[in-house]
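Every number here is computed from the coordinates shown, using simple stated rules; none is lab data. A quick note: this is a predicted structure, and the numbers were derived from the prediction, not measured. Heads up, the Cβs are rebuilt from the backbone with ideal geometry, glycines too, and the neighbour counts pull from every protein chain shown.
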Amino acid sequence: MNNFGNQLYQALMVGDYSGEGELIQLITDEDDDSPLQLEKYQEEIPILTVRNTVLFPGVVIPITLGRQRSIRLVKKAQKGDKYIGVCAQINPNNDDPSWEDIHQVGTVAKIIKMIVLPDGNTTIIIQGKKRFKIKETITDDPYFIAKVDYLEENFPKNSKKIQALEESLKDAAAKILHLNPEIPREAQVALDNIDNTAFLTHFLSSNINAPVEAKQRLLEINDGIERATLLLEFMMKDIQMLELKSEIQKKVHTDIDQQQRDYFLRQQMKVLQTELGEEGSEKEVDELRKKAAKKKWPKEVAIHFAKELDKIMRINPSAAEYPISLNYAETMVELPWNEFTKDNFDLKRAKTILDKDHHGLEKVKERIIEYLAVLKLKNDLKGPILCLYGPPGVGKTSLGKSIATALGRKYIRMSLGGLHDEAEIRGHRKTYVGAMPGKIIQNMKKVKTSNPVYVLDEIDKLSSDFRGDPSSAFLEVLDPEQNSTFTDNYLEVEYDLSKVLFIATANSLDTIQPALRDRMEIIEVTGYTLDEKVEIAKKHLIPKQRKEHGITGKDVTFERSAIVKLIEDYTRESGVRSLERVVGKVIRNVAKSIAMEEEYTKKITPDQVRKVLGGEIFDKEMYQDNTVAGVVTGLAWTPVGGEILFIETSLSKGKGKLTLSGQLGEVMKESAVTALSYLKSKAEKFGIDYRVFDQYDLHIHVPAGAVPKDGPSAGITMLTAMASVFSQRKVKAKLAMTGEITLRGKVMPVGGIKEKILAARRAGLKEIVLCHKNKRDIDEIDEQYVKGITFHFVDKVEEVLEIALLKTKVDDPMKFTFDSPNRVAVVNE
């Protein structure tokens, strides 16, 4: 209704449409009811369809033509009598309407002028003449043509009711003009000059603020009193709206607060931004508000987000701060806030999935089933922080994916190897250029759920530098009591990580910060036995490699003996990564034969393995020689699994110097010194001439000198090697040992027992000497791991030597010569 007065004023004022000074009167001079007037209109007329407009008799309106059908119609009519029918479309969005898409009642109009604009568009100025109703459709090509019946106006003359309605309509129009101070006062004068009731209703109907359907309804009413009454009803509604607006404006003017002031200033800013072509920011903020309305975030976060949006609205889109603030708001709205995937509580299904994907690893599977069981009963449980600790290639990372599948949760993996920037975990502060959230928040945004399975791979490989210590940043992430309020530097608000199931993987616990290690539940994932590796190769590795190389099970199969040969002779590891590589090499050889259409053996045998891979790389029998004194087999734990190592000793004429070689660490050097001191103190007991310590130099070497070695598990091994070389007694064949000693001769327990046992089995060793306190470790190991191995549990060094050293000397014993006589009798052997 704001444009009502302007339209009224412009339409009532006489307009020079002809270009020749001819004044177009909005009320025709002829009497519409005369027979002569009726003859002027043809029974068949072309029909022009218009959108969002209803033409009434007597009203002049401009229409811009865009459709070729309409342009052809107007050009044809311009050459004839210039009369056309105008009908409104039912659906204004239809670019190619049919007869069913237009209203059946319209207005015949005369084309006053046609103007071709510089941009190529055609505009016509038309004046409505008389209403009609379509009687019969004739054609719609090249434009609409129809037969019509003209409708008569039914206005009783000299009726008091008509006069009252006319006065009421004028009063309503005058009130609208009064309520809108922007309309020129001359419009009221023009309105007073209208004395034709029919035209008054037509003109006001054309200019009221009403939808096309309402105006079409007014056009279709034949009874003048009914039309005027309905029109007055529409106008009274407009008056009420204007009065309400006026009342609100008065209140705002007298009692305006800061919030309303900001609102009006923003509205002015919107207008200015629109003028400057910067109205995109409003649209972006509106979209963010709609997304935020669907979020399940805490009240504090909602308030913080609303403030951020208000700040964005105050920033000029061309300012440098604008994209930073917009990116921050988008990050917040894209994060999952209390949006969870439903856990699958079918424990039997979960166990089946875990067993199918991974052979063995019973401890880990049992822990996951326990977690699921408690979650099923309680339905609300903080996610545990598990750390799978073990050698490479045993399936720690892939186990995380299987756990996600078993739980029915989303899966994320974050590699921490070499991570040395604290901001990678906690994010950057927004004040920095290029600031972004940390990887934890980024991955949560990517996975779009608040309870995923989150694998932190290689947590023991974290490093630190001048940019901070990432392992310290993880103290909050991996603490079940703190991570419900995790705060990212970029996000600035607390984010709940308590429902995330974090699973860390590590090869070694020594490099993990003690405070961080204390926050995690350590689950040891040990290496595989020969039988387990065979099963893994059959069920997982061979099918996977066949699929990756494009061949089927019909093209190649493996005999069990061939798999055993691959494991024993071409790999020596705790996991199965190297095994997968050698399997892939064999299958590639088969794939090459298939591609070149050569004959090949479909069943892989040990001989076929040797033909493809060449000579054996490892020989487990080469380490069982006991013909030389001073060589003892030890067991060691390394980050890549258990290994056997050999302590070699030799004596040479000298002054009792001790030499250590093989890149030994401080702990192993101290073990060697301790063992030598103990042996010197008990020389008589073990039948060793004391002069040998002063007149012969002792050299201890651990082979593979390029590999650094350290750890508290070689004490009894070094002592046995020294006792063997000093006494020239044989060491029992196929025997290994691990344990530390004290200066008083006590044997101390060590760790990594299972890995060491697996290494002993791979090397073909049959007996193992351990501290008696390590018996508890043996009891926890499955029987399949210890089958075929004899364990000797000892408390003192004497027991070790009693078991390890034979009474007989080596085949070619060393002849000692001394510069001074022996003052102590040698104990008979």
| task | Rounded to the nearest 0.05, what FRET efficiency do residue 449 and residue 515 give with R0 = 25 Å and r taken as the Cβ-Cβ distance? Could you check? | result | 0.30
| Percent of beta bridges antiparallel (DSSP, the stretch 34-150, rounded to nearest 5) | 90
| For residue 511, net neighbour charge (Lys/Arg +1, Asp/Glu -1) across residues whose Cβ lies under 12 Å away | -1
| message | Could you compute Rg(Cα) / (2.2 N^0.38 Å) for the stretch 34-150, with N its residue count? | response | 0.99
| query | For the stretch 537-546, what does the Karplus curve 6.51 cos²θ - 1.76 cosθ + 1.60, with θ = phi - 60°, yield as ³J(HN,Hα) per residue in whole Hz, taken in order and with x for Gly and Pro? | reply | 4, 5, 7, 10, 5, 5, x, 5, 5, 4
| request: Could you pull out the pairs from 307/382; 82/129; 113/215 whose alpha carbons sit more than 22 Å apart here? | output: 307/382; 113/215
| request: Using Cα positions and a limit of under 21 Å, work out the lysines in reach of residue 250, with same-chain residues fewer than 8 apart set aside. | output: 175, 237
| What list of ³J(HN,Hα) couplings, whole Hz, do you get for the stretch 576-587 from phi and the Karplus terms 6.51, -1.76, 1.60, once you set θ to phi - 60° and write x for glycine and proline? | 10, 5, 5, 4, 5, 5, 6, 4, x, 5, 5, 5
| message | Straight-line reach only, C-alpha to C-alpha below 18 angstrom: list the aspartates and glutamates that residue 376 could link to, leaving out same-chain residues fewer than 8 apart. | response | 343, 346, 366
| task | Using only the Cα atoms of the stretch 347-524, each taken as one equal point scatterer with no solvent, compute I(q) by the Debye sum, divide by I(0), and report log10 of the ratio at q = 0.10, 0.12 Å⁻¹. | result | -0.38, -0.55
| note | Of 377-384, 532-539, ordering from highest average Cβ density within 10 Å down gives 532-539, 377-384
| said: For a 28 Å ceiling on Cα separation, which of these pairs sit above it: 446/533; 709/746; 311/439; 363/796; 356/773? | reply: 446/533; 363/796; 356/773
| Per-residue HN-Hα couplings for the stretch 506-519, Karplus 6.51 cos²θ - 1.76 cosθ + 1.60 at θ = phi - 60°, whole Hz, x for Gly and Pro? | 8, 8, 9, 8, 5, 8, 8, 3, x, 5, 6, 4, 5, 7
| remark: Expected sort for 82, 365 with the fewest Cβ neighbours (10 Å cutoff) up front is 82, 365
| field | Residues with amide H under 5 Å from that of residue 154, placed H, sequence gap 5 or more | value | 224
| query | [x] 48.2, 161; [y] 45.1, 149; [z] 27.6, 82: which one is Rg and Dmax of the Cα atoms in Å as calculated from this entry? | reply | [x]
| said: How would 171, 496 line up from fewest to most surrounding beta-carbon atoms within 10 angstrom? | reply: 171, 496
